[in-house]
Structures are given as structure tokens and as C-alpha cells.
Amino acid sequence: MKMNTDVLIIGAGVVGCSVARELSRFDCGVMVLDRGNDIAEGATKANSGIVHAGYDAVSGSRKAHYNVAGARLFPALCEALGVPYRRAGALVIAFSDEDKETLVRLMERGNTNGVEGLRILSREEALQLEPNLNPDIVAALDVPTSGIVSPYELAFALADDAAVNGVEFRFNEAVESVRFEDQRYWVRTAGNEYCCRVLINCAGASSAFIHNQLTGEALKTIHRRGQYYLLDRSASAVFSRTIFQCPSVMGKGVLVSPTVHGNLLLGPTAEDIPDPLDTATTREGLDDILKKAARTWPALSTRANITNFSGIRAHLESDDFMVGPVQDCPGAFEAAGIESPGLSSAPAIGLDLATQAADYLQAPRKKELKPYPVPPKPFNQMNDEERKAAWQADPDYGTVICRCEVVTEAEIRAAIRRPVGARTIDGVKRRTRAGMGRCQGGFCMPRVAAILSEELHIGLKDVVKDGIGSYILDSAIDAEAERNA
Amino acid sequence: MMEQIITCINCPVGCRMTVTLSDAGDVLSVSGNTCPRGEKYARQECTLPERVITAVIPAEGSATPLSVKTKQPVPKKMIFDVMEELRKVHVSPPVQIGQVIIHNVLNTGSDIVATRNLDITDR
Amino acid sequence: MNHEQIDIVIIGAGPAGLSAAIAARESGIESILVLERESEPGGILRQCIHNGFGLHRFKEELTGPEYAWRDIQRVRELEIRVECNATVLSVSEQRIVSYVSRREGFRSVQAKAVILAMGCRERPRGALCTPGTRCAGIYSAGTAQRFVNLEGYMPGKRVVILGSGDIGLIMARRMKLQGAEVLACVEIMPYSSGLNRNIVQCLQDYDIPLYLEHTVTNIRGRNRVEGVTVSKVDSRRNPIPGTEINFDCDTLLLSCGLIPENELSLGAGVGISPVTSGAYVNESFETSVEGIFACGNVLHVHDLVDFVSAESFLAGQAAAEFVRGKKPPATGLIQIKDGAGVRGTVPQAIRRGCEKDVDLMFRPSDVFRNSAVVIRDGDKVLLEKKAMIFTPGEMVSVRVKADQLKNLSTDELTVSIERKS
């Protein structure tokens, strides 16, 4: 099928969704393509969830610029969209004199980049704030503006806001080729061809591939995989802040951080791998995390581990983002090499690229916007009165589906019915938390599958976990089917 | 004459027994058991091993399939033949626990009976 | 807030909750409410369609649903109120139980006594930290069992099972019978924790190989499982490089342990033992919070439902006595300690002045042959019970008589397993 649009965005991760949302404020047709079966299928669903303060990026770099600009937008944006976000603060810990010097450098850099409140703490001050830290530390850098967020929930919210304002999302559309002809970009996927005046490359780990379709100068990308441990809420009281290790000659170190939902995250590794889609975890990687994380948290125990995961980020040799117009490609814009601090930068990148695209199209701002459908308060956060009222309005609030996270049928149905709603087990999981608790879906998955089957009018056999082909069931124990087999 | 090694299932000791059989298949001797139950089991296992089969069959008009069992043990070698017979059965609610679903399945002397109730409103 | 007053609230209508309810009613308590989150009572027995239940209690071999039906019928006869489709959200130390149900919405009731009977959950893949991809086709054995036995769907065609506990063994047979290929059962320990009966009837009967001292070290597959790697492990359970075996499969079932589901208990301030992952209880199954009792798998993971029923019956009786204000005089506690070879003895304490015999239940920490359970009162041997074999897969029960309890010289009983020639 051939389709026309004004703007085609490649990639429905947090950056692509941010661009889409900002562009939806302008009077132009916008389509977003993603290779995956849902929003946020790439690095957006598998990162540390940190909104970095901005001391880490080299001063004057695009990373520094977008990090600080983006981080400033987070509180209001998450508030407006109902996305879980918390200014948890962070400490960067030092174990030696060299580390202490690094802390000073980071602080100075942070000050230059516009980060507020940075302060070097003594060992005692740090241990008072975070008693579970390794007592061998000698100092720490206090970063009060560091935040934690649910990255995929942010992407879902941005996508929903974009969708109610006219943006169309199309999944399972991996881009195979792009060419520029007749002042238009022609984008080919396996089954379709798209024609657009503006092309915006937000393709994450595949952004260099898209870039190289457009320009002669080949961009080389390194696919950097990061593996993680995610510990149950029972471990969350260990630290209240994100704890970073000092970058040293030994490498970048790993972080130990509470998540915004009360879990504890350990990781990531940083392995350069050939396949941008290889999100397996490995024994070596996981062991490496434990070895490194024990330096921060000597009492480290994985007894409370509930899952491991990994994500791939694109790293460019320049070690910086490429954001803006693609050289010699009128109407093509890109966000390439988006690795950390990509999440923190996403709102600012979205604004910039949307503005640039709208300018190019000379598209006026819409006079009226459809209001964002704020998601209802999660049942597990309601008080008794709110729960009573919720059930009165919708009896589906009376059926708890996920016992571990206390998620009701009403919320699961609502997640499926969102503008860019869940169509998979993991889609429900990431939007509602059903399946993210201690039993990891052991109890609720069959029930979630049944609800998906009903809402989407598909057989239970056709319900998938995540991507196309990830069927959860093989066949029905069916007398007829067996007989006819 | 042949020998068969059998692990007793009657208790956690799991005695490893050696059963000597004639060419005709008769049990000549049992050794390695530490109690008479073991010998009894070994004799049965080596001459005519039997099993109770439990399975589910789909029930029309019910989201829950019907769980069933063989009321008596049936010859072990007929397990998959019995499963095949189960595939030919159609049931629908109401079904009562204990209700006979197949009489004397494959002439084994055992009925297939329902092990749960299926009510008409079963969802 | 004005709460409805209930004498005994029981959380869970599985075999534990049902027996506790029956016992409480038969002890004369009228006001009982059993809260069950599923649409029907019976608990996990609903999906355990295999037989082997009730040999001790009924002297018959029943399937799970048939066993449950006996108690469900009795509960109906006694007209005990069971609220299904009701999920308990919290239990407070003051025994206010809040729940939500489709029928009633959000409710809070004030109980005089609460009996915790929530059962347990299965250990997920994440707790094992198994590397690989996170594709579809990886299930805990119980989830697969639910799909097969309660929904009527096969989760896959070519199956590898990690863990040779009874659930894994049962599911090996289950999948095979309904037409799947079961390629292997992989067990990290040098022995299976399942019953011999299940090894024979679930694996050997179907020529399913059992790999002892092996574990799954990698899972492959982008969208759906495509294969797993199995490696031998050394005595410290670490994979030995070079011993990898690849299995092409589309399904991995995990049967790697059960964990008592005590989230609600924690909320009520109930003390939880890190050994059993269940509550600390005394001989009446009362927890560290007055008026809150625990029984069944939520207290400690059982092998035989018959013992769940027996234990829960006692808990129900004890809760009834508590409601009626009967309390034994507080003359101190006898602490029960795990000695060598023993793990997770329940109860962990016995009140002095206890007039009844007490069954101490525990799991052996290893396989012991020609040994005896030895219970010591300080240094003195109180009693010995010999057996040909003790295995971790079979819970042991030893009865301490009431008059033995009366005449103890110390405040501590130690339970151990010792080799005898």
C-alpha cells in the first residue's frame, strides 16, 4: 500500500513520541512508523529511567545542551501527562583521591552546563544520607536535581497525546529503504511505501542505518548493550537516591537506583555488540554487574531479583548526539546517536525537531488542541473512599487481576482502550504494571490474555506477549481439531 | 530368562528391585525390596503395569474443560489409546462429579468419570 | 468507620481455608467469612487434575478437584459464607480486613480472628537470573498447568522442564499426554525433590530423560522460545564450561520452588521466618500478632494436601477458641530450634502449659539414610524417630506428647537428624 503524509517520523521510542507530540500542535499530517509491535520497543523500555541532571556530558556538546534543557521540562511534563516521575536526587561516590578529583571536575562541568545545587559531600555526610553505602567511600557529589521516571510510560503518554491530536502510529513497519525523489522522501517497508515532505529519523539503534540511506557520508554506529537487574520492592528501602560510581580508568561503573515504582535497579553493562536487536542477557554481563554493584552496596543480594533485561543504545564515534537537519537533505531531520542522556533530553529534542519541521513545512500552530486523556489514578494508589467510588462507577474495579501490583480489570481494559492502546501482554504490563510484581505474571498472565482476547476480538491463541510471533499458546485441546488434524 | 530393574514407588526409600522373569514373562523372583509392598508392586509392574490416567476434555458451552480420570487403573501400554478415545468424546454442561463419560473404555473394565462439576453457567 | 463485625475471617478458600472454616464452624463459631479471589473455591486443587490426593485423610486416591469437592460440599452443608471473586487488599494488626469484590465493591470488615490461608506462588525466571532472551514460551509450571487444565490450551509443542519437583514432573506427564514432546527434565541438585512415584509415572513411563546436576544456562528465541542451553553444574551449583547441551524447544517450564505468599501478612506486622518464608507460629498456629493465625502453604510449603487439611483444621479450632476468649495461661514459651540436617521446623514455639500433643513438622536439608530424627531438650534426648530415608522432598512430622512437654528442663527444643548405623 502507498501512503502520503506531510511528516513521517521513524521510531516510536521516547524521542519519536516526543517529536510526534510536539508536532501534533501544528497543522500538518504526521505519521510515526516503528519496527516493533508497540510504542517504546527499543531502548526506551530498557534503560535506567534516570533523568540526569547534566553534569556528565561534555560542556558545549549537544548532549549537555539537550540534557539540561530536557531535564528542566520533566517535572511539568510528567505532571501534565500523569507519568510517574520523582526528583529522587543522586550521589556520585568516590573511593580514592583520583575519584575525588573527578568529582570536582564533574561539579565544575555541571556548573558550566547549568546544573543547580551540586555539592561535594564528606564521607560522613554521604553515609548519613545513605547508610547502606560502602563505608569505604571517601566523598560523594550530591546531585539534588537528578530524577527518576518511568521511561516507557512517558512514551505511551506522549504517543496518546499525539494520537488524540491526529498523529497516526503504524507498527511492525521496519524501514527497509529511504530515497529522496521529486522533493519527497519515499520510505519503503516490507509491505508499504510512504511518501512524505518531511522525514524525521528517531530510529534509535537503527538511526545510523536510516541516516546512511540519506547521505553519502556513512555514519558508523556502535550498538551498545546494557543489561540490568531489577529487584523487588522489598529491596527498595536500600537507597533513596540514585547512586552513581565515579567514571574511572576502570570504566563507567554501574548504578544502583530506586525506580519510580519502588523497585531497585542494578546496572547497566556496556557491551558493544554487532546485532542491534540482540537484547539477550548473558551470564558474563550479569555477573559483571554484581561485581561492580557490590562496590556501592556491600550487602548486595539478588535474593529479591524479579527480572533481568537489556537494551541497546546507539553510540556514535563522535560521542555526541546528532540532532537537527540532515546535511544536504532538505526536509530531513534526525536524532541520531541517542544514548544516555537520551531519555532526559527527549522533551527538548522533541521541541526542537518539531519546530524545525514545522518551520520547513510552514505549518501554522493549531488553534485548538484536543485535551490529553489523563489516565485514571491507579487503583493501587487510591484510598478507601476513592476505591468505593471507582467500583460504583465501574464494577470492573472490583476484580483484581494482578494481585502483586493490585491492578484491576478496569485499568487493564482502559489501557487497551487508550488512543495508542495495549494490544499485547507486555503492552498491558507496561501501561498498568500487571505482571511486574513478585510473581512476574505467573498468576495474572492467563487473565490478562483473556481480557486482551475479549477486547481485541481475537482468539486466545492469537494473543501475543510482545512482538509478532510471540504467541503465548500453541493450540486448544480441541476434540474437533485433533480429529481433523 | 530376563531381568528387569524396577524402582518402587510406594515410599520415599525407592528400593531398587531386580525382578527375574521367565521367557514366558512370569515372575520368577524379586530381590532388593525391603518390605512386602515392594515385592507386590514389582510383580505387578513386571507382568501387567497399570496406571490411572487423568486428563481434560473440552466441554462445549464451557470455558473450563472437564477434568476426567479412569476409575480403575488401565494397562500402561494403552495410555495413548485411551487418550485417543477421549478425543472422540463431546461433553457439555451440566456434568456431575463422578458421572460416567465413557463406559468400560476400550474394554479395560474401567470407566472414564468426571472429576469435577461443570455447571451450566460455568464461565 | 463502622465496619461489619465478623468473628473469623479466612483469607483463601483453598484446602487450607476450607478446612479451617469447617473446623471453626464445627467448634461452634457462627460468624465466619471466607474470602477467595478466584471465581470458585478449591484453590490450587482446581487445576491439579492428577490423582494422589487424600491417601492419608480419606484412604482413597483422589484427584485435586475431587479432594476439594469433599470440603466444598461440607462448607455448603454447614452454610459457611464464602465470598468468591474477592481479593483481600490489606489486613491490619487490629484485624481489619479490606477487600474488593465485583459483587460488593470495596469493603472493610472487623474480624475477631483472621486465618491466613493464601497459599504460595512460584519462583519466577527472574529469581533464577537465567540469562538469555525474554521471549514468549517461558512459564512457571503452575501457569502452564492453569492453561492446560482450566483453560484447555496447550502452551507449546516441544517442552523442556527446569526443576524436578512434583509440579515439574506432573506437568511433564501432562504435556506429554496432551500431545506435546517433552525433551528433558533438568534438575540442579543431585537428587530430585519429587516423589519416586512421580519420577516413575511422569518421566520413566514416557522416556523423558532426567538430567540431575544440570541447569538451564541460556534461553534463545526472539519472539518465542527457540531453544535452551543446559549445562552440568559442580558441587557449588555453578555451571561447568564445556558441558553445554542444546535443546530445540518452544517452551520452557519452570518448577523451581514455591514461596509462601505473605504480602498481606507483612502488612499486618506478622513476623515472617526467613527459613520457611512463612509466619512464626506457636502450637496453635497463632502468629506473632494476636488473633492472626496461619496454616497451609502460606505457613510452610507442604507436599501432601492431607497434612494441609490436618494443620488447617487445628488452626481453625484454635481460632475458634481464641474468639471464645479461651487462652492458655501465659507461662512462657518453649523455642523450637532447627538443628543439624533440619530446616524450617513449624511451629517455632510452643506455649508452656500447652495441654495437647504437638506435631513438629520440618524438612530435611539433605538426603539421609539410616538416620533418626532426634529431639533434644537442652542436651537431653527427648525422643528419637528412625527412618530408612529422609529427603528434602518429603516433609517430616514428629509428635511430641503433652506430658513430654510438661516436664521439660530447658526452654529450648532442638530438632536434628543424626546418622545411626
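The values are calculated or read from the model by the stated rules, or taken from the named source; none is laboratory data. Not measured: the values here are computed from a predicted model. So basically every Cβ, Gly included, is an ideal-geometry build from the backbone, and we count neighbours across all protein chains shown.
So which residues in region C:313-347 are of a type in the set (S, T, N, Q) and in contact (Cβ under 8 Å) with a residue 60 or more places away in the chain, if there are any at all?
Narrowing region C:313-347 to residues of a type in the set (S, T, N, Q): C:317, C:331, C:335, C:345.
Matches in region C:313-347: C:Gln317, C:Gln335, C:Thr345.
Any residue at all in region C:33-47 that's within 14 Å of chain A (Cβ to nearest Cβ) and hydrophobic (A, V, I, L, M, F, W, C)?
Yes, that holds for at least one residue.
Annotation for region C:409-416: at least one member residue is in a loop (DSSP other than H, G, I, E, B) and either of a type outside the set (Asp, Glu) or crowded, with 18+ Cβ neighbours inside 10 Å (or both). The single condition among (1) surrounded by fewer than 18 Cβ atoms within 10 Å (Cβ to Cβ); (2) under 29 Å from C:Ile22 (Cβ atoms); (3) modelled with pLDDT of 95 or more; (4) small (Gly, Ala, Ser) that C:Ala319 does not meet is (1).
Free of Cβ contacts under 8 Å to residues at least 60 places away in the same chain, within 14 Å of chain A (Cβ to nearest Cβ) and touching a helix residue (DSSP H, G or I) at 6+ places or on another chain (Cβ under 9 Å): is that true of C:Arg107 in this structure?
Numbers: free of Cβ contacts under 8 Å to residues at least 60 places away in the same chain: no; within 14 Å of chain A (Cβ to nearest Cβ): yes; touching a helix residue (DSSP H, G or I) at 6+ places or on another chain (Cβ under 9 Å): yes.
When the stated conditions are applied, C:Arg107 does not pass them.
Just for region B:101-123: of the residues that are assigned to a loop (DSSP other than H, G, I, E, B) and away from every other protein chain (no Cβ under 12 Å), which one is farthest from the chain's Cα centre (by Cα)? Outline the logic, then answer.
Initially, region B:101-123 is screened for residues assigned to a loop (DSSP other than H, G, I, E, B), giving B:103-104, B:108-111, B:115-117, B:119-123.
Retained after the next criterion (residues that are away from every other protein chain (no Cβ under 12 Å)): B:103-104, B:108-111, B:120.
Values: B:His103: 15, B:Asn104: 13, B:Thr108: 11, B:Gly109: 12, B:Ser110: 9, B:Asp111: 11, B:Ile120: 29 Å.
Ranking the qualifying residues of region B:101-123, first place goes to B:Ile120.
Taken across region B:34-52, residues that are under 14 Å from the mean Cα position of the chain (by Cα), modelled with pLDDT of 90 or more, part of a strand (DSSP E or B) and within 12 Å of another protein chain (Cβ to nearest Cβ) do occur, with at least one present. For region A:294-324, what are the residues that are surrounded by fewer than 22 Cβ atoms within 10 Å (Cβ to Cβ), of a type in the set (Gly, Ala, Ser) and within 13 Å of chain C (Cβ to nearest Cβ)? Result: A:Ser301, A:Ala304. Exactly one residue out of A:Glu153, A:Glu124 is out of contact with any Ser or Thr (no Cβ under 8 Å at 6 or more places or on another chain) and buried (at least 22 other Cβ atoms within 10 Å of the Cβ): that is A:Glu153. A:Asp359 falls short on exactly one of the conditions (1) in contact (Cβ under 8 Å) with a residue 12 or more places away in the chain; (2) charged (D, E, K, R); (3) in a helix (DSSP H, G or I); (4) more than 14 Å from chain C (Cβ to nearest Cβ), and that condition is (1).
Only a single criterion out of (1) in a loop (DSSP other than H, G, I, E, B); (2) within 14 Å of chain B (Cβ to nearest Cβ) is not satisfied by C:Phe147, namely (1).
Mind checking which residues of region C:173-201 are outside any strand (DSSP E or B), hydrophobic (A, V, I, L, M, F, W, C), under 25 Å from the mean Cα position of the chain (by Cα) and under 30 Å from A:Gly467 (Cβ atoms)?
Within region C:173-201, the subset outside any strand (DSSP E or B) is C:173-180, C:188-201.
Subsequent filtering for residues that are hydrophobic (A, V, I, L, M, F, W, C) retains C:175, C:177, C:180, C:188-189, C:195, C:199-200.
Then drop every residue that is not under 25 Å from the mean Cα position of the chain (by Cα), which leaves C:175, C:188-189, C:195, C:199-200.
Result: C:Met175, single match.
Look at region A:84-110: where a residue is more than 21 Å from A:Ser59 (Cα to Cα) and a partner is in a helix (DSSP H, G or I) and of a type in the set (D, E, K, R), sitting 6+ places away or on another chain with Cβ atoms under 7 Å, you get A:Pro84/A:Glu153; A:Ala94/A:Lys100.
Residue-wise test of (1) buried (at least 24 other Cβ atoms within 10 Å of the Cβ); (2) in contact with a strand residue (DSSP E or B) (Cβ under 8 Å, 6 or more places away or on another chain).
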site	(1), (2)
A:Ala205	yes, yes
A:Leu214	no, yes
A:Thr221	no, yes
A:Arg225	yes, yes
A:Ser248	no, no
A:Val256	yes, yes
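Could you please let me know if A:Asp56 is modelled with pLDDT of 95 or more and of a type in the set (Asp, Glu)? The answer is no for A:Asp56. Here A:Val428 meets each of (1) of a type outside the set (D, E, K, R); (2) within 13 Å of chain C (Cβ to nearest Cβ); (3) under 19 Å from A:Asn37 (Cβ atoms) with one exception, condition (2). For region C:28-79, a residue qualifies if it is under 25 Å from A:Val400 (Cα atoms), of a type in the set (Val, Ile, Thr) and surrounded by 23 or more Cβ atoms within 10 Å (Cβ to Cβ), and the qualifying residues are C:Ile32, C:Val34. Of all residues in region B:22-31, those that are surrounded by 16 or more Cβ atoms within 10 Å (Cβ to Cβ) and at pLDDT 90 or above total 1.
In region C:376-397, the residues that are more than 14 Å from every other protein chain (Cβ to nearest Cβ) form Cβ pairs under 7 Å with partners that are among the polar types (S, T, N, Q) and assigned to a strand (DSSP E or B), at six or more places apart or across chains, as follows: C:Arg376/C:Thr414.
Filtered by the rule that a residue be out of contact with any Phe, Trp or Tyr (no Cβ under 9 Å at 6 or more places or on another chain) and touching a residue at least 40 places away in the same chain (Cβ under 8 Å), region C:82-100 gives C:Val82, C:Cys84, C:Asn85, C:Val91, C:Ser92, C:Glu93, C:Arg95, C:Ile96, C:Val97. Among residues of region B:85-100 being of a type outside the set (Val, Ile, Thr) and in contact with a helix residue (DSSP H, G or I) (Cβ under 9 Å, 6 or more places away or on another chain), the one that is nearest to the other protein chains (Cβ to nearest Cβ) is B:Arg87.
Within region A:221-266, being assigned to a loop (DSSP other than H, G, I, E, B), over 23 Å from the mean Cα position of the chain (by Cα) and in contact (Cβ under 8 Å) with a residue 12 or more places away in the chain holds for A:Cys246, A:Pro247.
Just a yes or no: is a residue in region C:117-139 farther than 24 Å from C:Ser255 by Cα, touching a strand residue (DSSP E or B) at 6+ places or on another chain (Cβ under 7 Å) and away from chain A (no Cβ under 13 Å)?
Taking every residue of region C:117-139 in turn, none turns out to be farther than 24 Å from C:Ser255 by Cα, touching a strand residue (DSSP E or B) at 6+ places or on another chain (Cβ under 7 Å) and away from chain A (no Cβ under 13 Å).
Based on this model, can you work out whether C:Ile389 counts as in contact with a Pro (Cβ under 7 Å, 6 or more places away or on another chain), part of a strand (DSSP E or B) and farther than 22 Å from C:Gly168 by Cα? Criteria met by C:Ile389.
Report yes if some residue within region A:318-325 is more than 22 Å from A:Gly251 (Cα to Cα), assigned to a strand (DSSP E or B) and touching a residue at least 40 places away in the same chain (Cβ under 8 Å); otherwise report no.
Yes, that holds for at least one residue.
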